[in-house]
Amino acid sequence: MTDLELDRPGSGRKLLALRPVNLAFAVLATLPPLAHLLEMPNKLALDGPLWLAVQQHLYRGWGPFYGGPVEIIALATTLTLLVARRRDRAPMRLTLLAALAHAGMIVVFFAFNNPVNAALNGWTPSILPPDWQSWRLRWEIGHALAAILSVVAIMSLVRAWLIERERR
């Protein structure tokens, strides 16, 4: 965005206000998957009953209040930035990449993590299925993929912001 475009009433100011909000939500959307990625080696070493207890008690309630809404807001603010940057080729492409990464995080959740969460709600330590380790691996892979996508999103958004800043 050029200085001239920033001086137009409302256009640049909205973009300038949206960037930090978007980056804040992008950072918030990155934290849980990165935390899961960092704890993965230890969680893969847990036996079945302890892993199940962690899943059913430690992570209960995260999704509806943190993960889902934050990822959706990160995607929504990124899409809004995408529209605002539609005439500025390099930042627009980077913002598109970030939007695709945020959307990918949501797809990964529904493809990998949500089926595991739904399945293990009915499990008890005494009736763990024989293939519980494959369920655990699926859940961990989902979070690892989300972590990678979230880092791609945040790096793309920061690079787009730096390009705009250099031009000013």
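The values are calculated or read from the model by the stated rules, or taken from the named source; none is laboratory data. Treat the numbers as computed from the prediction; the structure is a model and nothing was measured. Here the Cβ is made from the backbone with ideal geometry for all residues, glycine too, and neighbour counts use every protein chain on show. Side chains included, ligands, DNA and RNA excluded: accessible areas come from the protein's heavy atoms. Shrake-Rupley method; radii C 1.70, N 1.55, O 1.52, S 1.80 Å.
Computed quantities for the displayed model
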{"read-out": "Anisotropy class of the stretch 54-119 from Cα gyration tensor, a/c 1.5 cut", "value": "prolate"}
{"read-out": "Isotropically averaged projected area of the stretch 1-153, using the convex hull of Cα atoms (one quarter of hull area), nm²", "value": "9.5"}
{"read-out": "Relative contact order for the chain, counting Cα pairs under 8 Å that sit 6 or more residues apart, in percent", "value": "38"}
{"read-out": "Portion, in percent, of the accessible area of the chain that falls on carbon or sulfur, probe 1.4 Å", "value": "70"}
{"read-out": "Listed peptides 46-55, 126-135, 97-106 by packing density, highest first (mean Cβ within 10 Å)", "value": "97-106, 46-55, 126-135"}
{"read-out": "Over the chain: helical MRE at 222 nm, DSSP H runs n ≥ 4 each giving -39500 (n - 2.57), nearest 500", "value": "-25000 deg cm²/dmol"}
{"read-out": "Nearest 10 degrees, 0 to 90: helix 68-84 Cα axis against the chain principal axis", "value": "20"}
{"read-out": "Solvent exposure of the chain as accessible area per residue, Å², 1.4 Å probe", "value": "55"}
{"read-out": "Given charges at Cβ of Lys, Arg, Asp, Glu: the stretch 24-168 dipole, positive-most of ALA160, TRP132, LEU52", "value": "ALA160"}
{"read-out": "Sequence of LYS14, LYS43 when ordered by accessible area, the most exposed leading, probe 1.4 angstrom", "value": "LYS14, LYS43"}
